[in-house]
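Heads up, the thing below is written out as structure tokens.
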Amino acid sequence: MWWNGIHSRLKICRGNPASSNLAIRTNIKKSRIYGTFCYHGLFDHLILSACQKLKTQLTPNLFLGPNAPTSVKMMPLTPPISRARIYEQTFEKWGCILDSFITRIGGKKLLRDQIIARFPTNFDRYIEVFGGAGWVLFRKDKHADLEVYNDFDQDLTNLFRCIKYHAPELQRELDWSLNSREFFYDARAQQQVQGLTDIQRAARFFLLIKYSYGADQHSFSCTKRSTLPTIDDLKTVQERLDGVVIECKDYEDLIKQYDRLSALLYLDPPYWGTEDYYKGFAAVDHDRLYEVLHGIKGRFILSYNDCPKIREMYAGYNITEVSRCNNLRARYKDKEPYNELIITNY
């Protein structure tokens with residue numbers, strides 16, 4: 001079968017025809033790409049484009065179903081050229097990059113491209129000081145020779161470590177988990193129990209994120225949600241984390257340890273006025289963070305909320321205003337832009 005012949009597998013999730021999703025997972029020797037598409041003919045175009053570039057024979061109804069295009073030009077089979085590069089060009093056209101496996105308050109899914117576009121080109125170590133869900137980290141296969149993920153939340157870094165070193169065991173621990181209120185509050189209560197293994201604690205923390213409202217880990221979301229696709233993809237996340245150093249340190253200690261002239265630090269601290277949502281970061285830490293960054297040798301790129309305090313504090317640096325949709329508010333009212341700042345010292 002031609003799709004197996006190019007080392008890929010396809011999973012079609014069918015539902016409402018107006019909102020069916022196509023989840024495409026592509027496994028290339030040195031490239032792991034993941035993407036989600038709305039089914040409005042984009043996938044048909046993607047398949048045909050890949051086949052034409054590979055000069056591969058295509059049977060239209062093999063995977064695409066009865067609505068697939070029938071007027072497909074059949075071409076002779078010839079040796080493919082640079083498969084990995086063809087996949088990169090074809091999939092990147094539709095934004096197919098590995099996503100984070102979890103959601104976190106303040107995640108940078110909507111700003112990651114704007115942040116990465118402002119990265120310098122000549123750095124050999126990349127440090128995410130406030131790692132969170134790792135949206136910027138996962139956006140590329142590799143940012144630098146040395147990559148460091150750090151977060152002061154011990155449950156979060158334990159989850160990352162368990163995926164990196166024990167993904168199959170974590171998958172088994174998550175098997176048969178249910179999206180139910182009772183299961184959610186059991187997992188929440190068990191997080192405080194002594195004697196759990198790291199894998200058991202990571203599994204319960206993962207479920208609390210997945211089944212809570214806004215990923216707050218406190219209130220049950222009461223929405224139709226499944227962890228099965230994410231559990232199935234933990235092996236992919238494990239491969240991306242291979243070679244990434246995972247730390248759980250105070251940001252000042254971490255910066256002092258990894259700061260070099262050739263270093264790039266990406267910082268996404270708790271925003272001004274939101275400190276209560278995070279562990280280990282108080283209002284006074286905004287000033288301490290500024291003092292630490294003011295004395296570093298390397299370069300930093302910093303994301304913050306747009307407010308007078310932050311603008312005044314970083315007035316001597318390069319400040320760019322960007323905006324995005326506020327996802328939580330957009331559920332209940334018209335979409336409102338939310339202004340943020342990207343600050344650099346270069």
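All of the numbers you see were taken from the coordinates with simple rules; none came from a lab. Fair warning: this is a prediction, and the values are worked out from it, not measured in the lab. Here the Cβ positions follow ideal geometry from the backbone for every residue, glycine too, while neighbour counts run over all protein chains shown.
Only loop residues by DSSP count here, and only those with at most 11 other Cβ atoms within 10 Å; note down the chymotrypsin sites (Phe, Trp or Tyr not before Pro) in the stretch 136-235 that meet that. Sparse-neighbourhood loop chymotrypsin sites (Phe, Trp or Tyr not before Pro): W176. Charge tally for V136 (other residues, Cβ to Cβ under 9 Å; Lys, Arg +1; Asp, Glu -1): +2.
Pairs from the table (K109/K164; K210/K309; K140/K309) lying more than 27 angstrom apart at Cα are K210/K309; K140/K309. Here the simple spin-label model places points 7 Å from the Cα toward Cβ, and for T320 and K235 these points are separated by 3.8 nm.
Could you pull out the GluC sites (Glu not before Pro) across the stretch 141-176 that fall in loop regions by DSSP (anything but H, G, I, E, B) with no more than 10 other Cβ atoms inside 10 Å?
For GluC sites (Glu not before Pro) across the stretch 141-176 that sit outside H, G, I, E and B with at most 10 neighbouring Cβ atoms in 10 Å, the list is empty.
Ellipsoid fit via the Cα gyration tensor, the stretch 198-290: semi-axes of 29, 21, 11 Å, each the root of five times an eigenvalue, largest first.
Contact order normalised by length for the stretch 202-346, with contacts defined as Cα pairs under 8 Å and 6 or more residues apart; what percent is it? Let's see the in-between values first.
Working: 153 pairs, mean separation 25.6, N = 145.
Result for the stretch 202-346 is 18 percent.
Listed by chain and number, the aspartates and glutamates whose alpha-carbon sits under 20 Å from that of K224, ignoring those within fewer than 8 places in the same chain, are D175, E182, D186, D216, D232, D233. Taking other residues whose beta carbon is less than 10 angstrom from the beta carbon of Q114, and scoring Lys, Arg as +1 and Asp, Glu as -1, yields +2. The slack between S219 and E312, meaning 0.36 nm per residue of separation minus the straight C-alpha distance, is 29.9 nm.
Note on E291 and K140: the model spin-label points, each 7 Å out from Cα along the C-beta direction, lie 3.3 nm apart. Summarising the label geometry, the points placed 7 Å from Cα in the beta-carbon direction at W176 and T121 lie 5.6 nm from one another.
Computed over the Cα atoms of the stretch 133-248, pair by distinct pair, the Kirkwood hydrodynamic radius stands at 14.8 angstrom.
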